[in-house]
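Contents: one structure, followed by commentary.
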Amino acid sequence: MAETSEMRIDQSAVRWSTPAHERSGRPLLVLMHGYASHEDDLFGLAPYLPSELVIASLRAPIADAGGNAWWSRSMFTAEGTTLDDADAAAGAVIDWLDSLDWIDWRADAPSVGLLGFSQGGAMVLQLMRTAPSRFAYGVQLSGYVVAGEAPGDAELARIRPPLFWGRGTADEVILPRWVQRTAAWVPEHTAADIHVYDGLAHGISPEELADIAAFILLHV
């Protein structure tokens, strides 16, 4: 099991959409890539998202399978991973967010949103479970919820933040039982906006990207 204290976001690897002097007072969107990928993967979405956003694309903290991961293959279980390992990864992101001196977590501060793909999509949900009141919305793409009951689940269900969940009918990467678990969990814990794209495999289509941009524009 990974310990939170061992997990760190490499600040030098973060891809930013705007220079430091232009970030203060603007809404932040955090991007989290999938398994064995890197911080450049989702950064290509930035030009298609609302221009008022400050976008930060993170590199997952574990080197694995020629890329990076939020939990490594050695941490995989039949249900995806354990809550402990997912919590360790989520804790690393929370620590990184806490290090940003231009982010103010007061209720009237600009919003902080999350967007993740595949394993990064599982991270979106895990972060919302870890800190239910800290995120204005989540965008979970081709991902899943980690099995088990997290301490923040009841509070998340009370707050019910907006969540975009997009997936394709031809996705053969995320196991059907993980999808079924997520389909039951998401409406119980979030204000879910669920999109299922016919024929889409494990990826993001132009149609989905347009839907994502419209969703985010409603919640920044």
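Length gained on full extension, A65 to A213, computed as 0.36 nm times the residue gap minus the Cα-Cα distance: 50.2 nm. Across segment 1-160 the C-alpha pair distances fall into 5 Å bins from zero in the proportions 2, 9, 19, 24, 22, 14, 7, 2, 0 percent. Long hydrophobic helices in the chain, taken as whole DSSP H segments with a C-alpha length of 18 Å or more on their own axis and mean Kyte-Doolittle hydropathy at least -1.0: 83-98, 176-189, 206-219.
For segment 77-220, the relative contact order works out to 22 percent when only alpha carbon pairs closer than 8 Å and six or more residues apart are counted. Taking 7 Å steps out from each Cα toward its Cβ at E149 and E79 produces label points 1.2 nm apart. The region of the chain that goes longest without hitting one of the GluC sites (Glu not before Pro) in a DSSP loop, each with at most 14 other Cβ atoms within 10 Å, is 53-148. Between I194 and E22, the distance separating the two model label sites (each 7 Å from Cα on the Cα→Cβ line) works out to 3.9 nm.
For D41, the shell of other residues with beta-carbons less than 13 Å away shows a net charge of 0, using +1 for Lys and Arg and -1 for Asp and Glu.
Dipole size of the chain about its Cα centre, with +1 on Lys/Arg Cβ and -1 on Asp/Glu Cβ: approximately 200 debye, rounded to the nearest 20. Using the Cβ-Cβ distance between T169 and R134 with R0 = 22 Å, the FRET efficiency computed as 1/(1 + (r/R0)^6) comes to roughly 0.10.
Readers should treat all values here as calculations from the given coordinates under stated rules, not as data from a laboratory. The structure presented is a predicted model; accordingly, all values stated were derived computationally and were not measured. As a convention, Cβ positions derive from the backbone with ideal geometry for all residues, glycine included, and neighbour counts pool all protein chains shown.
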